[in-house]
Amino acid sequence: MKILYLTLGGTSPPIVRALREEQPDRAVFFCTDRDLATGVNGSRSQLPEIYAASGFNAARAEIVLVPPDNLGECVRLMLNAFSSPMGRESLLQIADYTGGTKTMASALVLAAFTSPRVSLRVTTGIRHDLTVVQDRSERGFYMSLDRLAFQSGFQAALLPWRRFAYAESVRLLAPMSLSGLDDHARANHSRALELSRAFAAWDDFQHDHAHEILSAFRAVVGQELSRHLAALQSLRARGWSQTPARILDLWRNAERCAAQGRYDDALARGYRFLEWIAQWLLEEHFKILTADVKPDQLPPDYPVSVQAGKKIQFGLQESWKLLAHLAPSSPAGHWFQQSHKLLLDHLVHRNQSILAHGFQPVTAAQWQSLADLIASRLLPVIVAECERLRGSDRPMMTDWPQLPDQFIWQLAASQ
């Protein structure tokens, strides 16, 4: 069954032409009733003339009265018509937006745009001016919504970048239809999909995979992402800078979790970040592995509990205390001496969280307090420790870049 939906306005010849050309099984007329203020008849009054001129059987018509200037209500009534039992059972639905007020025509286009099963058409012809089409020159034209639908879906699919949810963008972009699109639109889609995949991989610590994808787009993203590409190089390099690079990258990952409101995840990463710094510096300066501390690596009379037959292992607090004891004047040792009481207060929230030993959700305020402490006091310590390890003549990127929160690499449309 074919259904033709029409907006009915001030002139009937285009409506008659549409009915003759399409020969629908059913017709739904969106029209207006008598104006309450003036008493002037609405477009409903034209229906007898339209039936007579087109030969369409009035018994196969349905009349839907709509307000001439209420866009939202018009869209609602039109969508109801599309989804009625008759509409759901039809094999072909066509919406002709030629007639009616500007609001009615706009509403029919909007309703059709959100209803994939409805095709859109307009009846037009020769114009001697911009007011009316010459009588008897009318004919129907189908309008493609592919480009419009793509642009709408494309922009919506990139919104998750604002909260670093690249994997969500991948899920939205991957199934999009590219039918009827030009080369620029297809290229935009390909670029957005692959860059979303790259940053989703980076967010999952898959640095090699992220580098593989981003390298293919170096000519496009190089200017805006030069620091990111350098950061990936450090993350992948098998040299002295890899561990501090991974530590700094972990902190940015924690910040992204917080930006999504996942404060328990953010604090869990923050805990690992704090622990890793002490582990890194103990290994670099003293060859101490906190997972297997040798008794002869500890200072004489250093307080430690040793169980027979078991390794000596240090957690976060023990690692920092040992580091501060062995290198009290180092940037990290000095920081711990100044901040360890405040740090312990923050670790209480981590220990009470469900990702540690309790069931108390981490709040935004608790996370932000720790984030401020780390950003203002600890990140500069990592910079200083890198310089102490390798000297200022062998610097590494310490102002570690956050991943982008917007997609800016769209192609310019062809002229």
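Model label sites at PHE205 and LEU71, defined 7 Å from Cα along the beta-carbon direction, differ in position by 4.9 nm. The simple Förster model, with R0 at 56 Å and r as the Cβ-Cβ distance, assigns ASP183 and ALA53 a FRET efficiency of 0.80. Look at where the Cα atoms of segment 339-353 and of segment 282-332 average out, and the two centres are 21 Å apart.
Peptides 237-247, 24-34 ranked from most to least packed by the mean count of surrounding Cβ atoms within 10 Å: 24-34, 237-247. Counting only protein heavy atoms and a 1.4 Å probe, the chain has 51 square angstrom of accessible area per residue.
Pairs from the table (LYS287/LYS321; LYS311/LYS341; LYS287/LYS341; LYS294/LYS341) lying more than 25 angstrom apart at Cα are LYS311/LYS341; LYS287/LYS341; LYS294/LYS341.
If you average 1/r across every pair of different Cα atoms in segment 13-87 and take the reciprocal, what Kirkwood value do you get, in Å?
On the way: mean 1/r = 0.0745 Å⁻¹.
For segment 13-87, inverting the mean 1/r across all distinct Cα pairs yields 13.4 Å.
For the chain, the fraction of 1.4 Å probe accessible surface lying on carbon and sulfur atoms is 52 percent. With the simple model of a label 7 Å out from the Cα in the direction of the Cβ, LYS341 to VAL220 spans 5.5 nm.
If each residue of separation counts as 0.36 nm, what is the full-extension length gain between GLU283 and TYR142 once their alpha-carbon separation is subtracted? Don't jump to the answer; show the numbers that get you there.
On the way: separation 141, 0.36 × 141 = 50.76 nm, distance 7.07 nm.
Here the answer is 43.7 nm.
Suppose the chain between HIS334 and GLN313 were pulled fully straight at 0.36 nm per residue; how much longer would it get relative to their current alpha carbon spacing?
On the way: separation 21, 0.36 × 21 = 7.56 nm, distance 2.31 nm.
Between HIS334 and GLN313, full extension yields an extra 5.2 nm.
Counting only DSSP beta bridges with both residues in the chain, the antiparallel share comes to about 25 percent.
The values are calculated or read from the model by the stated rules, or taken from the named source; none is laboratory data. Please read these numbers as outputs of a predicted model, since none were measured by experiment. With ideal geometry, Cβ positions are generated from the backbone for all residues, glycine too; neighbour counts draw on all protein chains shown. Ligands, DNA and RNA are stripped out before the accessible areas are found, and what is left, the full protein with its side chains, is counted by its heavy atoms. Shrake-Rupley method; radii C 1.70, N 1.55, O 1.52, S 1.80 Å.
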